[in-house]
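Below is one structure, written out as structure tokens; the observations come after it.
Quick note: the coordinates plus some simple rules give every number you see, no bench work behind them. All of these numbers come straight from a predicted model, not from anything done at the bench. Using ideal geometry, Cβ is built from the backbone for each residue, glycine included, and neighbour counts are taken over all protein chains shown.
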Amino acid sequence: MNASANANLFSRLFDGLTDTGRLAIETTDGARISYADLIAQAGRVANVLVARGVKPSDRVAAQTEKSVEALVLYLATVRAGAVYLPLNTAYTLAELDYFIGDAEPSLIVCDPSKAEGIGKLAGKVNAKVETLDADGKGSLTEAAAKASPDFVTVARAGDDLAAILYTSGTTGRSKGAMLTHDNLASNSLSLVEYWRFTKDDVLIHALPIYHTHGLFVASNVTLFARASMIFLPKLDPELIIKLMQRATVLMGVPTFYTRLLQSPNLSKDSTSHMRLFISGSAPLLAETHREWSARTGHAVLERYGMTETNMNTSNPYDGDRVPGAVGFPLPGVSVRVTDPETGEEMARDSIGMIEVKGPNVFKGYWRMPEKTEAEFRNDGFFITGDLGKIDPRGYVHIIGRGKDLVISGGFNVYPKEVENEIDAIPGVVESAVIGVPHADFGEGVTAVVVKDKAAAVDEAAVVDALDGRLAKFKMPKRVIFVDDLPRNTMGKVQKNVLRESYKDIYRK
Ligand code: AMP
């Protein structure tokens with residue numbers, strides 16, 4: 001394989017780079033890392049990986065806090081032809097036992113505080129352990145400092161694996177989504193164009209880097225564009241507003257936008273230097289979209305993707321960014337809506353299963369061939385598990401996860417339809433509608449509602465407001481008020497947690 005035929009993502013990211021002195025990443029404590037630094041550091045770490053016995057196609061697992069060094073570990077792993085396996089920092093040792101046993105990495109990089117516990121798990125699969133802390137220090141960095149920056153990027157074919165990302169596994173076991181060099185490169189390059197990234201962009205990067213959003217969408221897109229990013233360890237609304245004075249793009253989950261809206265410092269003025277606000281990973285409420293537009297003059301661009309598929313759809317750069325919609329299929333990506341029972345394609349505006357096909361779609365689930373086969377159609381479409389529709393203008397709308405559908409008295413109730421009605425009631429902040437076991441109906445439609453502290457809304461007021469707007473079978477049988485909805489780090493409402501909390505409310 002000659003150099004130009006090398007499909008390694010690292011080569012595609014950096015081989016054509018001429019101006020290596022450009023700034024790639026800056027951190028909030030003042031470090032400035034150029035593209036040349038990043039490439040050299042990735043070379044050093046790749047040399048350490050090889051010295052530790054990591055071979056092409058081996059897995060390198062990382063449970064590390066966010067740091068530039070952690071991003072370098074990802075780049076170095078890919079450069080060495082190995083497979084990067086990031087793990088959510090919240091995972092406990094008991095959870096890690098499953099991931100490590102399943103993925104059988106040859107090297108695990110973790111926070112020094114976890115080295116002892118992880119060392120025991122590593123021993124079971126003969127993996128070596130290196131450490132890396134939140135400041136980028138640890139045995140990996142020490143070894144890298146002594147290693148050479150020169151490293152010949154290992155040639156890879158387009159469908160070789162670059163990464164395995166475990167799905168969040170809210171229903172059953174987490175599955176390892178196998179992502180190839182082609183999957184990652186094609187999706188990032190397509191987003192660079194769609195979102196008009198250029199080398200002059202400065203991205204505010206406040207997302208975690210163990211998830212597809214912060215790792216691939218944010219980092220790969222920035223690097224492919226030769227742009228730069230400001231790395232924040234976590235969401236810090238006031239700091240983000242300050243950085244907006246010199247940044248151009250923010251990528252966030254919906255919680256970023258609701259939190260930023262709480263600041264009195266968010267205004268047309270404070271966002272005037274920004275060109276683009278992107279949201280994804282969970283539904284952005286139409287109301288948040290509208291409030292954001294009113295306050296800043298910017299329409300948030302919402303897009304839709306998932307671990308298995310990278311990004312599938314996006315609202316347009318020019319043209320209407322429709323509140324509550326996730327936009328059009330990206331170039332080269334096909335999206336269709338099918339009848340979940342028969343698999344037949346449905347007419348426009350009908351709600352069904354969203355299926356996608358394209359160079360972005362993963363290769364399958366790691367060591368789960370039956371699961372993989374079950375979730376792909378014969379013609380190559382992946383069954384996302386998301387219910388949605390395509391409207392007459394071609395915009396895709398997500399209605400919710402299929403598993404969140406409520407079936408009450410034999411009728412399908414789409415939670416989002418009920419949530420939209422409840423959210424429109426004055427004094428309601430947001431809501432989550434779930435189905436919980438009910439002796440007569442199978443599942444009882446149940447609304448969990450967050451209201452404004454000062455609002456006088458109660459259960460009777462919600463039921464009254466919905467009366468006449470929703471068919472009887474869609475009406476909540478109970479309305480429960482809570483201070484906050486449970487969310488994971490990507491801002492997704494954890495309906496499985498709610499279903500567990502309220503599973504007995506209809507028991508006599
Ligand atoms: P993850 O694999 O963690 O990225 O989660 C993917 C899931 O998040 C998708 O299957 C959707 O259910 C949901 N999701 C992602 N983006 C959006 C969006 N813009 N609107 C609604 N749901 C979304």
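Write out, first by first residue and then by second, each pair whose Cβ atoms fall under 8 Å of each other, whose residues are 6+ apart or on separate chains, and whose first residue, in the stretch 430-449, is more than 24 Å from THR288 (Cα to Cα) while the second is of a type in the set (Val, Ile, Thr) and surrounded by fewer than 19 Cβ atoms within 10 Å (Cβ to Cβ).
Pairs found: GLY435/ILE407; VAL436/ILE505; GLY442/ILE407; GLU443/ILE407; GLY444/ILE505.
Among the candidates MET346, MET353, MET306, which residue alone is among the hydrophobic types (A, V, I, L, M, F, W, C) and either touching a Cys at 6+ places or on another chain (Cβ under 6 Å) or within 9 Å of the ligand (Cβ to nearest atom) (or both)?
Details: MET346 fails: either touching a Cys at 6+ places or on another chain (Cβ under 6 Å) or within 9 Å of the ligand (Cβ to nearest atom) (or both); MET353 fails: either touching a Cys at 6+ places or on another chain (Cβ under 6 Å) or within 9 Å of the ligand (Cβ to nearest atom) (or both).
Going through MET346, MET353, MET306 in turn, just one is among the hydrophobic types (A, V, I, L, M, F, W, C) and either touching a Cys at 6+ places or on another chain (Cβ under 6 Å) or within 9 Å of the ligand (Cβ to nearest atom) (or both): MET306.
If the Cβ limit is 8 Å and pairs must be 6+ apart or interchain, which residue in the stretch 378-393 that is in a strand (DSSP E or B) pairs with which residue that is among the acidic types (Asp, Glu) and surrounded by fewer than 18 Cβ atoms within 10 Å (Cβ to Cβ)?
LYS389/ASP349; ILE390/ASP349
Just to verify a result, which residue in the stretch 462-508, among those that are of a type in the set (Gly, Ala, Ser) and more than 16 Å from the ligand (Cβ to nearest atom), is farthest from PRO426 (Cα to Cα)?
Applying the first criterion (of a type in the set (Gly, Ala, Ser)) to the stretch 462-508 yields 465, 468, 471, 491, 501.
Keeping just the survivors that are more than 16 Å from the ligand (Cβ to nearest atom) gives 465, 468, 471, 501.
Details: ALA465: 10, GLY468: 17, ALA471: 21, SER501: 26 Å.
Step by step, filter the stretch 462-508, then rank; the result is SER501.
If I ask for residues that are farther than 21 Å from MET306 by Cβ, assigned to a helix (DSSP H, G or I) and in contact with a Ser or Thr (Cβ under 7 Å, 6 or more places away or on another chain), which ones from the stretch 451-502 would you list?
Hit for the stretch 451-502 is PHE473, nothing else.
Can you pull out every residue in the stretch 379-400 that is aliphatic (A, V, I, L, M) and farther than 14 Å from GLU345 by Cα?
Pass one, the stretch 379-400, residues aliphatic (A, V, I, L, M): 383, 387, 390, 396, 398-399.
Within the stretch 379-400, VAL396, ILE398, ILE399 meet the criteria.
Given the condition out of contact with any Gly (no Cβ under 8 Å at 6 or more places or on another chain), over 27 Å from GLY214 (Cα atoms), more than 15 Å from the ligand (Cβ to nearest atom) and among the aliphatic types (A, V, I, L, M), answer yes or no: does some residue in the stretch 388-407 qualify?
no
Which pairs do you get when a residue that is closer than 29 Å to GLU421 by Cα, found in the stretch 265-286, comes within reach of a residue that is away from the ligand (no atom under 16 Å from the Cβ) and part of a loop (DSSP other than H, G, I, E, B), reach meaning Cβ atoms under 6 angstrom, with the pair 6+ apart or on two chains?
That search, which allows pairs on different chains as well, returns PHE277/HIS298.
Does VAL428 satisfy the condition of being crowded, with 22+ Cβ neighbours inside 10 Å and in contact with a Phe, Trp or Tyr (Cβ under 6 Å, 6 or more places away or on another chain)?
It is false that VAL428 is crowded, with 22+ Cβ neighbours inside 10 Å and in contact with a Phe, Trp or Tyr (Cβ under 6 Å, 6 or more places away or on another chain).
Quick check on ASN315: is it within 15 Å of the ligand (Cβ to nearest atom), of a type outside the set (Gly, Ala, Ser) and on the phi > 0 side of the Ramachandran plot?
Numbers: within 15 Å of the ligand (Cβ to nearest atom): yes; of a type outside the set (Gly, Ala, Ser): yes; on the phi > 0 side of the Ramachandran plot: no.
The answer is no for ASN315.
Looking only at the stretch 244-288, count how many residues are of a type outside the set (S, T, N, Q), assigned to a loop (DSSP other than H, G, I, E, B) and within 16 Å of the ligand (Cβ to nearest atom).
Qualifying residue count for the region: 6.
In the stretch 426-438, is there at least one residue being closer than 21 Å to LEU498 by Cα, more than 30 Å from the chain's Cα centre (by Cα) and not hydroxyl-bearing (Ser, Thr, Tyr)? Write out each step before concluding.
Within the stretch 426-438, the first condition is being closer than 21 Å to LEU498 by Cα, and the residues that meet it are 428-438.
Then keep just the ones that are more than 30 Å from the chain's Cα centre (by Cα); that gives 437-438.
If we keep only those that are not hydroxyl-bearing (Ser, Thr, Tyr) as well, we get 437-438.
Looking for residues that are closer than 21 Å to LEU498 by Cα, more than 30 Å from the chain's Cα centre (by Cα) and not hydroxyl-bearing (Ser, Thr, Tyr), one finds at least one in the stretch 426-438, hence yes.
Which ones in the stretch 282-309 are in contact with a Ser or Thr (Cβ under 8 Å, 6 or more places away or on another chain) and of a type in the set (Ser, Thr, Tyr)?
Those that are in contact with a Ser or Thr (Cβ under 8 Å, 6 or more places away or on another chain) and of a type in the set (Ser, Thr, Tyr): THR288, THR296, TYR304, THR307, THR309.
Might you let me know whether the stretch 432-454 holds any residue that is on the phi > 0 side of the Ramachandran plot, out of contact with any Leu (no Cβ under 6 Å at 6 or more places or on another chain), surrounded by fewer than 19 Cβ atoms within 10 Å (Cβ to Cβ) and not aromatic (Phe, Trp, Tyr)? Quick ask: steps written out before the conclusion?
Filtering the stretch 432-454 down to residues on the phi > 0 side of the Ramachandran plot leaves 442.
Now narrow it down to the ones that are out of contact with any Leu (no Cβ under 6 Å at 6 or more places or on another chain): 442.
Filter once more, so that each one left must be surrounded by fewer than 19 Cβ atoms within 10 Å (Cβ to Cβ): 442.
Within this subset, residues satisfying the condition of being not aromatic (Phe, Trp, Tyr) are 442.
The answer is yes; a qualifying residue exists.
Being within 33 Å of the chain's Cα centre (by Cα) and over 21 Å from PHE441 (Cα atoms) is the filter here, so list the residues in the stretch 463-491 that pass it.
PHE481, VAL482, ASP483, ASP484, LEU485, PRO486, ARG487, ASN488, THR489, MET490, GLY491
Among the strands (runs of 3 or more DSSP E) contained in the stretch 27-138, which hold 2 or more residues that are among the polar types (S, T, N, Q) and touching a Phe, Trp or Tyr at 6+ places or on another chain (Cβ under 6 Å)? Show your work before the answer.
Values: elements: 32-34, 59-63, 83-86, 107-110, 128-131.
Those strands (runs of 3 or more DSSP E) do not exist here; none qualify.
From (1) closer than 22 Å to HIS211 by Cα; (2) surrounded by fewer than 22 Cβ atoms within 10 Å (Cβ to Cβ), pick out the condition that doesn't hold for LEU13.
The failed condition is (2).
Of all residues in the stretch 369-390, which are out of contact with any helix residue (DSSP H, G or I) (no Cβ under 9 Å at 6 or more places or on another chain) and surrounded by 13 or more Cβ atoms within 10 Å (Cβ to Cβ)?
Initial filter on the stretch 369-390 (out of contact with any helix residue (DSSP H, G or I) (no Cβ under 9 Å at 6 or more places or on another chain)): 369-381, 388-390.
Listed by number, the residues that qualify are LYS371, THR372, GLU375, PHE376, ARG377, PHE381, GLY388, LYS389, ILE390.
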